[in-house]
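Before I ask anything, here is the structure I am working with.
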Amino acid sequence: MAKLEAKVPSGPLADKWRRHKTEIKLVNPANKRKYEIIVVGAGLAGSAAAASLAELGYKVRCFVFHDSPRRAHSIAAQGGINAAKNYQNDGDSVHRLFYDTIKGGDYRAREANVHRLAEVSVNIIDQCAAQGVPFAREYDGLLANRSFGGAQVSRTFYARGQTGQQLLLGAYSALSRMVGAGGVELHTDSEMLDLVVVNGHAKGIIVRDLVTGVIRRHNADAVILATGGYGNVFNLSTYARGSNATAIWRAYKRGACFGNPCYTQIHPTCIPVSGDYQSKLTLMSESLRNDGRIWVPKKKENRLKKPTDIPEADRDYYLERIYPSFGNLCPRDVASRAAKRMCDEGRGVGESGLGVYLDFSDAIKRLGESGVRERYGNLFDIYHEITAESAYQTPMRIFPAVHYTMGGLWVDYNLMSNLPGLFVLGEANFSDHGANRLGASALMQGLADGYFVIPYTVSDYLAGQKPGSRPSIDNAEFAQAEENVTAMTKRLLSINGKEPVSHFHKRLGRIMWEFCGMARTKPGLELALQQIPALREEFWRNVKVPGSAATLNQSLEQAGRVADFLELGELMCRDALTREESCGGHFREEHQYEDGECKRDDEKFGHVAAWEYQGEDVAPLRNTEPLNYEFTKMSVRSYK
Amino acid sequence: MVSERSSKEFFAVTLRVWRQAGPSASGRFVDYPATNVSPDMSFLELLDVVNDGLTVKDEEPIAFAHDCREGICGTCSCTINGKPHGPGHGIATCQLYMRSFKDGDTIIVEPFRARAFPLVKDLVTDRSAFDRIQQAGGFISVRTGAAPDANSIPVPKDDADLAMDAATCIGCGACVAACKNASAMLFVAAKVSHLGLMPQGQPERDKRVLAMVQAMDEAGFGNCTNQYECSAVCPKLITHDFIARMNRDYVKALFKAKFKPVSSASGGAG
C-alpha cells in the first residue's frame with residue numbers, strides 16, 4: 001500500500017507557505033548545474049517550470065509531443081486568470097480567493113494547497129505583466145478586471161478572449177529565452193511513453209520521436225510531469241485532439257497514485273453537437289454569462305419555435321429563478337446540471353433537444369451592438385463560423401461539454417507524487433480544485449505550480465540526492481521500460497483488425513458521457529464497468545493501425561493514447577461508483593437534496609481517493625488521504 | 001450525443017491531396033472522393049472521415065497537422081485551393097466548414113510550401129524555424145520572481161490594444177506560405193511590435209529586433225517585397241503595418257549600433 005503523506009506544514013494557514021519556504025532544503029548554487037531535471041509538457045505549468053528551473057541553474061530537458069511548445073492546449077483558454085490583487089477595491093483578499101476556491105471545489109481540496117495558490121496568485125500577474133503579456137487595460141493605463149463565473153468580486157485579469165494564449169506565449173517566451181541561453185534542451189515531437197523507476201524513485205523516461213519513430217531513454221535526477229488533463233477520455237470535449245493521458249497513465253502503472261479520477265468538469269457554455277463526424281466541442285467563454293441571460297421556453301411545445309418569437313412571459317430564465325443571488329454567474333457544475341434538468345424536462349432547444357439559449361438581447365439594448373461586439377466580438381465570430389448563425393440577431397444555443405479534469409496524479413504539498421522524484425504540475429495533478437474548478441482558476445494553478453511552487457519544492461527532494469548519482473540509461477530498469485514501449489508499439493501494429501482507432505474512441509466516449517458524465521448512478525456505472533473492459537478487449541483484437549513505427553504515424557500515436565483511455569475510463573467509473581455521495585462535478589443521482597443539489601457525505605467521503613495500480617486485470621487499491629479542514633467549516637454549498 | 005441538424009442535405013466532393021512519404025521521397029496528388037459531406041462538418045473532420053475510410057481499406061491515412069481545432073494553437077496548416085488555410089477570411093484551416101464548398105467541387109489540398117519549412121510527410125511541414133527566431137530574442141528577459149507590482153508599470157490603453165493586435169499571432173506560418181518570397185516578415189514583425197509597444201519591452205528593443213531579424217535570415221526565409229499576401233491570409237488578420245513598424249525599429253537599432261550591424265545580411269529592410 002502506497003504511503004500518502006500530504007506533508008502539509010504545521011502552523012496557521014496563512015503562515016504555512018512562508019514558513020515552509022524558509023525551512024525547505026536548498027541546493028547549493030554551484031551544485032545546481034549538476035542536477036538534471038526532465039520536464040514533460042510545455043503548457044503553462046511545464047513552460048513556466050522549465051524556464052524557472054533553468055534560470056536557477058538546473059540542467060533542464062523539456063519534452064513536448066507538439067511540434068512547438070507554443071501549441072500546448074493552455075493556449076485555448078479564453079476567459080481569464082484570477083488573482084487576489086484587489087485593484088478594484090471591492091473587498092477581495094487572499095483569504096477571499098482561498099475561500100471561494102475551497103467552497104467552489106465543494107470542500108474536497110486540500111486547504112493548505114489552495115491557500116498557497118491564492119497567495120501566489122498576485123505574483124503571477126506581476127510576472128506576466130513584466131513579460132509583456134498585453135492584459136486588458138483601463139484608460140488610465142492600469143490593469144482592467146472583470147468578474148467571472150462563481151465570484152462576487154472582480155478579480156479576473158484578461159487579454160480579450162485569448163487570455164490563455166497570451167499567458168502561454170509569455171511562458172513560452174521565458175522558455176525560449178532559456179533554450180536560447182542553453183539552460184533548457186528542448187525536444188519537440190517527442191512523446192513520453194513510459195516512466196523509469198529505479199529503487200522506488202522516478203529517474204527517467206522513455207520517449208518516442210514522433211517524426212523518426214526512434215525510441216530513446218532519458219535519465220534525470222527528477223521528473224516533472226505537466227501534461228494536462230484527461231478529458232479526451234470522453235472523445236468529445238473542449239480539449240485539443242492531441243490532449244491525452246498517456247504520460248500520467250503510464251506513471252500510474254509504474255506506481256504513482258491517481259487522485260479522484262472521477263472529478264471531471266462539464267462546462268455549461270459550449271456549442272451543441274451537430275453530427276456523428278464531430279471531433280471537437282467548442283467552448284463559448286464563461287465571460288458571456290456576465291451579459292448573456294440563459295433561458296428555455298416555459299412550455300415544451302415552444303421548444304422548436306423561433307426564439308425571437310417566444311414572448312418574454314413564456315421564457316424561463318431558470319438560473320435567475322433558482323439562484324437569485326448568483327443568477328447566470330453560478331458555478332459551472334451548478335449551471336451545467338441545471339441545463340441538463342431543463343433538457344430532461346423536455347424543454348431543451350434545437351433539433352436534438354440538447355441545448356439552452358444564451359441571450360444577448362438585453363445586453364444589446366443596454367450597451368448597443370457595438371458595445372457587445374467590443375466585449376465578445378471574437379466569440380460571436382467563432383459561434384457564427386461554426387453554426388452559421390448570428391448571435392446578435394438570435395440567441396446562442398449552448399450545451400454543457402467536458403472541459404477540465406480536477407482529478408489527476410496524487411501529489412503532496414511539495415507537488416511530489418508518492419513516487420519520490422516524480423513531480424506533477426497543473427491540470428495533471430489533483431490538488432487544488434477539489435471536486436469542481438472555478439472559472440479563471442486553471443491558468444492560475446498552472447502558472448502557480450510552474451513559476452512559484454516547483455522552483456522551491458524541487459530542491460527539497462534534490463538536496464537529498466547526491467549530485468551525479470542519477471542512474472545510467474544502461475540500467476536494467478531503463479532497458480525493461482524501453483522493451484515495454486517497443487512491445488506495445490509492435491503489438492498495436494500487428495493486430496491488423498478491421499476498425500480504425502477513432503471508432504473505439506467514439507464508443508468509449510459515448511459510454512463515459514452516458515454513465516460517467518453530468519449525472520451518475522450505481523446501475524449505470526456498473527454497466528459501464530462491464531462495457532469498458534469488453535470494448536478494451538475488442539480494441540486489442542480488432543483495431544486497425546496502418547503504417548510503420550519508423551515514420552510519422554498519427555494512427556499509431558492515437559492508438560496508444562486510446563488504449564490508455566480505455567483503461568483510465570474504467571478507473572474513473574470505479575472511482576465514481578465507490579464515491580457514494582455527490583460533490584461538485586461528481587453528481588450521483590442517489591445523493592441529492594430535493595431541489596437537485598449535491599448531497600455530500602463528509603463523514604464517509606471527506607477524503608481524497610488515491611488509486612494504486614496492482615497489475616493488469618487486478619482491481620486497483622483505493623488509498624485515502626483524509627481532508628482535515630482546520631480553518632474552514634465544511635458547509636453545504638449554496639448559491640441561492 | 002445526438003445529431004443536432006440531421007435534416008441538412010449531404011453532398012459530395014473530391015479531395016485532391018498532396019501525398020509524400022517523407023522529405024526525400026517524391027510527392028504527387030492523389031484524388032479521394034468524399035460522399036455524405038455535411039455542410040456543418042469542418043474541413044478537418046472531413047479529412048478524419050476520409051482517413052478512417054483509408055484505414056479500413058488498408059491504405060495509409062493522410063498525415064496532417066492539427067490539434068486545438070478552434071483556431072488558436074496554429075498547428076493546422078493546409079493550403080486549400082491555392083490559399084493557405086483555404087477560402088475563408090481570418091480563420092485557420094480548422095475553422096473552415098464544408099458549407100464553404102458545393103456539391104461536385106474538387107478541393108486541392110497541399111502543405112504550406114516554403115524552403116524554411118521542410119516537408120515532413122504529406123501535409124505536415126517542419127516549422128521549427130519559428131521557434132529558433134523566438135529563441136534568438138522574442139522575449140523580455142525577466143527572471144521568475146523579479147517582477148515589480150503589475151500596476152507599477154502603466155501601459156496606455158491604445159498601446160496595449162495595438163500590442164494585443166500583434167500578439168494575437170498563432171505562429172501557423174500561413175504568412176510564409178502565401179508569400180512568393182517565403183518571407184517571415186509578418187510573423188517576426190508581430191512579435192517585435194508586440195514587445196516593442198510595451199514599456200516593459202523597451203530595454204531590449206534594439207537588441208531584440210536585430211537578433212530576431214538575423215535569426216530569420218539564417219533560417220532561410222526570403223525578403224519582403226510588400227505584396228501583403230501575408231496579411232491577406234493571416235487567420236488573425238494581423239496587419240502588414242507591423243512590418244513597417246519593424247523596419248523602422250530595425251533601421252533605428254542599426255543606427256544606434258553605431259553603424260555596426262550584428263549581421264551583414266540585408267534582411268529586414270522592406
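Once you've got the Cα coordinates, tell me which of A:Lys3/A:Lys599; A:Lys522/A:Lys604; A:Lys103/A:Lys298; B:Lys157/B:Lys256 are over 20 Å apart. Walk me through the numbers on the way to the answer.
Values: A:Lys3/A:Lys599 30 Å; A:Lys522/A:Lys604 17 Å; A:Lys103/A:Lys298 32 Å; B:Lys157/B:Lys256 29 Å.
Over 20 Å apart, Cα to Cα: A:Lys3/A:Lys599; A:Lys103/A:Lys298; B:Lys157/B:Lys256.
Right, another one. How far apart, in nm, are two points set 7 Å out from the Cα along the Cα-to-Cβ line at B:Val56 and at A:Val214?
3.8
Chymotrypsin sites (Phe, Trp or Tyr not before Pro), restricted to the stretch A:122-162: which are DSSP loop and have at most 16 other Cβ atoms within 10 Å? Could the numbers behind the result be given before it?
Numbers: sites: A:Phe135, A:Tyr139, A:Phe148, A:Phe157, A:Tyr158; in loops: A:Phe135, A:Tyr139, A:Phe148, A:Tyr158.
Here the chymotrypsin sites (Phe, Trp or Tyr not before Pro) that fit, given the DSSP loop and packing criteria, are A:Tyr139.
From the Cα gyration tensor of the stretch A:476-606, with a ≥ b ≥ c the square roots of its eigenvalues, which class applies: rounded if a/c is under 1.5, or else prolate if a/b is larger than b/c, or else oblate?
The shape class here is prolate.
Rounded if a/c is under 1.5, else prolate if a/b beats b/c, else oblate: with a ≥ b ≥ c from the C-alpha gyration tensor eigenvalues square-rooted, which is the stretch A:155-276?
Oblate shape, in that a/c is at least 1.5 and b/c is the bigger or equal ratio.
P(r) of chain B in 5 Å steps, Cα pairs, percent per bin?
Bin by bin from 0 Å, the calculated values are 1, 6, 11, 15, 16, 14, 11, 9, 7, 5, 3, 2, 0, 0.
A further question on this structure: Tell me the relative contact order for chain B as a rounded percent, counting alpha carbon contacts under 8 Å between residues six or more apart.
RCO, chain B: 17 percent.
Now for a separate question. R0 = 51 Å: FRET efficiency of A:Glu301 with A:Ser635, Cβ-based, nearest 0.05?
0.80
Return the average number of partner chain Cβ atoms within 10 angstrom of each residue Cβ along peptide B:90-101.
2
For peptide A:373-381, how many partner chain Cβ atoms fall within 10 Å of a residue's Cβ, on average?
Mean partner-chain Cβ count within 10 Å for A:373-381: 1.
Next question. Calculate how steeply helix A:501-516 sits against the longest principal axis of the alpha-carbon atoms of chain A, using the helix alpha-carbon long axis, and give the answer as 0 to 90 degrees to the nearest 10.
That works out to roughly 60 degrees.
Here's another thing I want to ask about it. List every residue whose amide H lies under 5 Å from the amide H of A:Cys583, counting only residues 5 or more places away in sequence or on a different chain, with H placed 1.01 Å from N in the peptide plane.
Close amide H contacts, sequence-distant or interchain: A:Arg588.
Report relative contact order for chain A in percent, whole number only (criteria: Cα-Cα under 8 Å, sequence separation at least 6).
21
Right, next: For every other residue with a beta carbon closer than 11 angstrom to the beta carbon of B:Val56, add +1 if it is Lys or Arg and -1 if Asp or Glu, then tell me the sum. Spell out each step's value before the answer.
Numbers: positive: A:Lys498, A:Lys544, B:Lys57; negative: A:Glu499, B:Asp52, B:Asp58, B:Glu59.
Charge balance in the 11 Å sphere: -1.
Related question: With everything on Cα atoms, drop me the angle between helix A:361-387 and the longest principal axis of chain A, reported from 0 to 90° to the nearest 10.
Compared with the principal axis, the helix lies near 50 degrees.
Across peptide B:199-206, how many C-beta atoms of other chains are within 10 Å of each residue C-beta, on average?
Across B:199-206, the average partner-chain Cβ count within 10 Å equals 1.
Looking at the square roots a ≥ b ≥ c of the eigenvalues of the Cα gyration tensor of the protein assembly as shown, which shape do they give, rounded for a/c under 1.5, prolate if a/b is larger than b/c, or oblate?
Because its axes are fairly even, with a/c under 1.5, the protein assembly as shown counts as rounded.
Could you state the number of Å between the C-alpha centres of the stretch B:122-188 and the stretch A:215-239?
26
Where in the stretch A:1-100 are there GluC sites (Glu not before Pro) that are in a DSSP coil and have at most 13 other Cβ atoms within 10 angstrom of their Cβ?
A:Glu5
Also, I was wondering about something else. So, in Å, what gap is there between the alpha-carbon centers of the stretch A:565-590 and the stretch B:48-101?
That distance is 35 Å.
Can I ask one more? Pull up the DSSP beta bridges for the protein assembly as shown and report the antiparallel fraction as a percent, rounded to 5.
Roughly 70 percent of the beta bridges in the protein assembly as shown run antiparallel, per DSSP.
In this model, which of B:Lys83/B:Lys252; A:Lys203/A:Lys498; A:Lys32/A:Lys203; A:Lys280/B:Lys236; B:Lys102/B:Lys191; A:Lys306/A:Lys340 are farther than 28 Å apart at the alpha-carbon?
B:Lys83/B:Lys252; A:Lys203/A:Lys498; B:Lys102/B:Lys191
A follow-up question, please. Average the reciprocal distances over every distinct pair of alpha-carbons in the stretch A:71-226, invert the result, and give the Kirkwood radius in Å.
About 18.3 Å for the stretch A:71-226.
Using alpha carbon coordinates only, what is the Rg to Rh ratio of the stretch A:57-101, with Rh defined as the Kirkwood radius?
Values: Rg = 17.2 Å, Rh = 14.2 Å.
Radius of gyration relative to Kirkwood radius: 1.21.
With everything on Cα atoms, drop me the angle between helix B:157-167 and the longest principal axis of chain B, reported from 0 to 90° to the nearest 10.
Helix B:157-167 sits at roughly 50 degrees to that axis.
No lab work stands behind these numbers, since they all come straight from the coordinates. Being a predicted model, the structure only gives us computed values, none of them experimental. Don't worry about glycine lacking a Cβ; one is built from the backbone with ideal geometry, like all the others, and counts go over all protein chains shown.
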